[in-house]
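The values are calculated or read from the model by the stated rules, or taken from the named source; none is laboratory data. Keep in mind that what you see is a predicted model, and the values were worked out from it rather than measured. As a convention, Cβ positions derive from the backbone with ideal geometry for all residues, glycine included, and neighbour counts pool all protein chains shown. Side chains included, ligands, DNA and RNA excluded: accessible areas come from the protein's heavy atoms. Shrake-Rupley method; radii C 1.70, N 1.55, O 1.52, S 1.80 Å.
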Amino acid sequence: EVNSSAPMVPDADAKLEIQELPRSSNVVFSVDGHLVSLFTLGNESFEATESSEFAPDKWIIYVDTSASTADSFLVRTPLISALLDDMPMSKVQVFAFDIEVVELRGLGPKDGLLGTVVGQALQERLPMGATDLELLLEHVESHAVSPGESVGVLLLSDFIATVQERAAMKLSQILSSTTGRIIELGVLGTKFDSSTSSALAAAGGGRIVHIPLTSKDMPTVTANAWSDLMRPLGARGTPSVSSGWVWPLAAPDLHEGDEFVIFSSGGTGITLEAPELLIGKGNESATLLPGFVQAAAPAFSSLLKREANRARLELLESE
């Protein structure tokens, strides 16, 4: 029996461990005249990152109905209907696009018939025609955002442009920096153009969300999709070099702990110039300086060389 009035005698020493908060780090590898920089993002880069979820006043949703979606049409259409039925309560407007942009459901509050109405419209429209991303983005730009209003634009597509402008960089330049508007990209399945989608996500200040193309357990699939679409938006990363080329040009939605790989030419002359990384969110920004350049280990040099050459080709194709 324990006597509560007796003094407590400790039988072990208390240990207090103080850990430093994680800081950003960077390693740079030189391989065949190229530089491969790996930035690991720490907490000091994200002091301005908002912690609240992204919940806009209204959503404008565009659904790709081009011929490239025909192979998965029977699975894709009910999944899109379920995705719309599971979206948060807000105002919503839905369009279809291929070589034209057509309204499927007018702007109004989300209701219980949203998925059914859009699903029936997609069944009647059928997937056909080419993918005109230039027309799509011009249509996105045509929507004015009122002062104080927040708008989420969701593009559901594989982002493989087949007519009009196809270069990722030129397509991204169609989008202006609009206060109150965030453009997010939903990729149904695994087939998509990574260069174009990354450029559009960066230009629109949003993110790319991958949605499994499946007819199984759709409530879980759609719930996870909206959780990803509405989680707090991260910062934007922009690499900078004084000379030569760099790829990618920007990366959206960066969070603490993310790793960002940057490929660059290494500058000119005998001095290797690794890129700096500007991290921006809102009106706040921080610049991460490059680390020391080191030679890539022989076991990885072939892989890094291949990836650097691929990055260079992606940059050329995007221009």
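At least 1 residues that are open to solvent by 30 Å² or more (accessible area, probe 1.4 Å), within 24 Å of K191 (Cα to Cα) and among the hydrophobic types (A, V, I, L, M, F, W, C) in each: list the strands (runs of 3 or more DSSP E) lying fully within the range 76-158 that qualify.
Strands (runs of 3 or more DSSP E) meeting the threshold: 101-109.
Would you confirm whether or not the range 172-185 contains a residue that is closer than 30 Å to P219 by Cα and in a loop (DSSP other than H, G, I, E, B)?
yes
Of the residues that make up the range 278-290, is at least one crowded, with 18+ Cβ neighbours inside 10 Å and part of a loop (DSSP other than H, G, I, E, B)?
There is at least one residue in the range 278-290 that is crowded, with 18+ Cβ neighbours inside 10 Å and part of a loop (DSSP other than H, G, I, E, B).
I'd like to know if the range 47-62 contains one or more residues that are open to solvent by less than 10 Å² (accessible area, probe 1.4 Å) and under 19 Å from K191 (Cα atoms).
Looking for residues that are open to solvent by less than 10 Å² (accessible area, probe 1.4 Å) and under 19 Å from K191 (Cα atoms), one finds at least one in the range 47-62, hence yes.
Which ones in the range 14-39 are in a strand (DSSP E or B), surrounded by fewer than 17 Cβ atoms within 10 Å (Cβ to Cβ) and modelled with pLDDT under 90?
Of everything in the range 14-39, those that are in a strand (DSSP E or B), surrounded by fewer than 17 Cβ atoms within 10 Å (Cβ to Cβ) and modelled with pLDDT under 90 turn out to be S25, V27.
Just to be sure I understand the filter: pairs with C-beta atoms under 7 Å, separated by 6 or more residues or on different chains, first member in the range 57-72 and farther than 16 Å from K110 by Cβ, second member in a strand (DSSP E or B) and open to solvent by less than 10 Å² (accessible area, probe 1.4 Å). Which pairs pass?
Y62/F97; Y62/L155; Y62/L156; D64/F97; D64/L156; T65/A96; T65/F97
Out of S81, S146, S142, which single residue is within 20 Å of M230 (Cα to Cα) and either at pLDDT below 95 or among the polar types (S, T, N, Q) (or both)?
S81
I'd like the full set of residues that are of a type outside the set (S, T, N, Q), assigned to a helix (DSSP H, G or I) and free of Cβ contacts under 8 Å to residues at least 40 places away in the same chain, limited to the range 219-261.
Passing the criteria: only D228.
Across the range 205-219, what is the total count of residues that are open to solvent by 10 Å² or more (accessible area, probe 1.4 Å) and closer than 23 Å to I60 by Cα?
Residues that pass the stated criteria total 7.
Which residue pairs have Cβ atoms under 8 Å apart, sit 6 or more places apart or on different chains, and have a first residue in the range 295-319 that is of a type in the set (K, R) and a second that is open to solvent by 80 Å² or more (accessible area, probe 1.4 Å)?
As it stands, the answer is K305/D32, since those pairs meet every condition given.
Just checking, how many residues over the range 200-218 are in a loop (DSSP other than H, G, I, E, B) and farther than 14 Å from I182 by Cα?
Count: 6.
Among the residues in the range 293-307, are any part of a loop (DSSP other than H, G, I, E, B) and open to solvent by less than 80 Å² (accessible area, probe 1.4 Å)?
Within the range 293-307 (the criterion being part of a loop (DSSP other than H, G, I, E, B) and open to solvent by less than 80 Å² (accessible area, probe 1.4 Å)), the answer is yes, since at least one residue qualifies.
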